[in-house]
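Contents: one structure, followed by commentary.
The values are calculated or read from the model by the stated rules, or taken from the named source; none is laboratory data. Quick caveat: nothing in here was measured; it's all calculated off a predicted structure. As a convention, Cβ positions derive from the backbone with ideal geometry for all residues, glycine included, and neighbour counts pool all protein chains shown.
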Amino acid sequence: MSGPARPTTGADSAPSGLAAVGEAWLAYWFAPADPRPLALVRILTGLLGLALAASYAADLEAWFGPGGMIPVSATGRSGPTFSLFAMATSASALQTLFGVLVAALVAVTLGLASRGACLVAAVLWAALLNRGPVLAGPADDCLAVLLWCLAVGPSGSVWSLDRWISARRGSPPPAPSPWVRVALGLVRVHAVAITAGMLLAQLKGDVWWDGTAAWWLTTRSQSRLVDLTGLYRGSEYLMNLVTHAIVGFEILFAIGLWFDATRRLVARAGIVAWPLIGTLAGEPFWGLALAICCVPDAFGPDRAGYTA
Amino acid sequence: MASVVLAVYLVGLGLTIAGNSVSGSSALLRTIKQRLFSPWMGPAWLDLGFDQPLTYGLPEDADHDLEVRRFEVDGGAEKNGPLRFPGNRTGERAARWRRLARRIASAASDETAVPLAAGFGQGAFEAVGGEDVAVRAVRWPLEEREAPAEGPRPVKPYEARVRLIDGELQLVELGGEAKRGELAPVLREQSAGAAVTGEGTSP
């Protein structure tokens, strides 16, 4: 397994054993990185967050308001949880808290007080999901992960209102930060973890082996986005092909993202494939969230690395 | 220091995946995860298994809706039709209602989902205009590929009566797949705003 892009500076000798592992670790997590891919992830994540928040807005009080349909004591989740939304016992408090979340997501998108906005958005998004776990879908999980990753790195150092304000004040561009690489590294690790988790779950089901999963995805009559039942009725092979193509892509993605030679190709394929799979599965926002995870590797600097 | 924090987090990430597997997890991994990682990863919504198979082709993977109406003692015709969720809602908003409906449908075999059904019924009192309602989860079965191309006929995996009597919220199961016609309330609790409790499961 090759490591990520190595920095252009550093020792040229090839250490061995633990030293090599240590060097690969440091190169993966802390080498200077171009901040633009992280900024692009921030903008797209902010837009995704606003879209997902909008899906809560209209029914917020029906679910979580006083006398709502999901009482605090019946969220259906075990284990340690903490939710600021559970403390909102009045409709106005609930709307105010939700308003702060939306404002934070707008700030994330625009790059205003970026790091703080990402942190506030991550905390409040997690609180919203903890308030009603039964309503949360896979896209919500991905958004939570992306927001925490963005809170780690300086995603507002370019393409942001923060940068625009700094430039107007005559401030020089910020120095390269190792936290950009940490954030981008976490995005990649999570993209692979999400894919691997899904792959492992799928391979426990017969339908992913016998090639019928594509049929079961499209036969959900109320929620499907595209109706391919006619096509699949006409061709069993096509149904099998789509099923195996989804699994095959997931395997290639989870492995290919770790190799310099295949990373960019796999990531670019992911930008097309994930939204397609999401559409077939009736989870379009989940597909978009995974496509966002591909952006840094698809359009970021190549293996030559980044020099400030 | 940052390397240590990252390493700890990556261990936690691995354990959340291993510990949230649909096949279950070993007692060892579960204990380590619950003692050391869940307390801080759970509230941050990072205690995730990512075990999203998209489908297993099972009945539970089908679309589910919710219906709620005033309870009619004699089962007579209702003056107004039931309230339906998601109804005419679309997109991710509708998907959230379907997730709630799927969870309530599981109350037939999963006791931890019963408080959700009771909470849903209680939350619908105002909209329905009464404190005695019938909650019904409706499933749109997945169509077999070899079957004639007809629309699926919905089934009712779970139905319950939710009522408030002298401040006590009661849920009486009316039918469904696993439990049929229980006469005594399976859930009785003093209602003080949201008075239904449940142990719950991981999301």
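Counting just the residues of segment B:14-33 that are in contact (Cβ under 8 Å) with a residue 12 or more places away in the chain and outside any loop (DSSP other than H, G, I, E, B), which one comes out nearest to A:Trp25 (Cα to Cα)?
So the residue we want is B:Leu15.
Looking only at segment B:118-138, how many residues end up being under 20 Å from A:Gln222 (Cβ atoms) and either surrounded by 23 or more Cβ atoms within 10 Å (Cβ to Cβ) or at the interface with chain A (Cβ under 7 Å from one of its Cβ atoms) (or both)?
Total meeting the criteria: 4.
Name the single residue, out of those in segment B:40-58 being in a loop (DSSP other than H, G, I, E, B) and among the aromatic types (Phe, Trp, Tyr), that is surrounded by the fewest Cβ atoms within 10 Å (Cβ to Cβ).
Filtering segment B:40-58 for residues that are in a loop (DSSP other than H, G, I, E, B) and among the aromatic types (Phe, Trp, Tyr), the one surrounded by the fewest Cβ atoms within 10 Å (Cβ to Cβ) comes out as B:Tyr56.
I'm told A:Ala117 meets every condition in (1) touching a residue at least 12 places away in the same chain (Cβ under 8 Å); (2) within 14 Å of chain B (Cβ to nearest Cβ); (3) not polar (S, T, N, Q) except one. Can you identify the failing condition by its number?
(2)
Please go through segment B:14-46 and pick out each residue that is under 20 Å from the mean Cα position of the chain (by Cα), more than 7 Å from chain A (Cβ to nearest Cβ) and closer than 17 Å to A:Ala193 by Cα.
Correct list: B:Asn20, B:Ser21.
Of (1) outside any helix (DSSP H, G or I); (2) touching a helix residue (DSSP H, G or I) at 6+ places or on another chain (Cβ under 6 Å), A:Pro172 satisfies all except one. Which?
The single condition A:Pro172 does not satisfy is (2).
Scan segment A:119-169 for residues that are within 16 Å of B:Trp40 (Cβ to Cβ) and either among the small types (Gly, Ala, Ser) or outside any helix (DSSP H, G or I) (or both) and jot them down.
Scanning segment A:119-169 gives A:Ala122, A:Ala126, A:Ala127, A:Ala144, A:Ala151.
Which residue pairs have Cβ atoms under 6 Å apart, sit 6 or more places apart or on different chains, and have a first residue in segment A:183-207 that is more than 7 Å from every other protein chain (Cβ to nearest Cβ) and a second that is among the small types (Gly, Ala, Ser) and assigned to a helix (DSSP H, G or I)?
Filtered contacts from segment A:183-207: A:Val192/A:Ala254; A:Thr195/A:Ala254; A:Ala196/A:Ala254.
Quick check on B:Val172: is it within 14 Å of another protein chain (Cβ to nearest Cβ), modelled with pLDDT of 90 or more and under 26 Å from B:Ser109 (Cβ atoms)?
So B:Val172 fails the test.
Counting only residues that are under 22 Å from A:Leu110 (Cα atoms) and over 15 Å from the mean Cα position of the chain (by Cα), how many does segment A:130-162 have?
Residues flagged as under 22 Å from A:Leu110 (Cα atoms) and over 15 Å from the mean Cα position of the chain (by Cα) within segment A:130-162 amount to 8.
For B:Val8, state whether it is at pLDDT 95 or above, surrounded by fewer than 21 Cβ atoms within 10 Å (Cβ to Cβ) and either over 27 Å from B:Gly129 (Cβ atoms) or of a type in the set (A, V, I, L, M, F, W, C) (or both).
Yes, satisfied.
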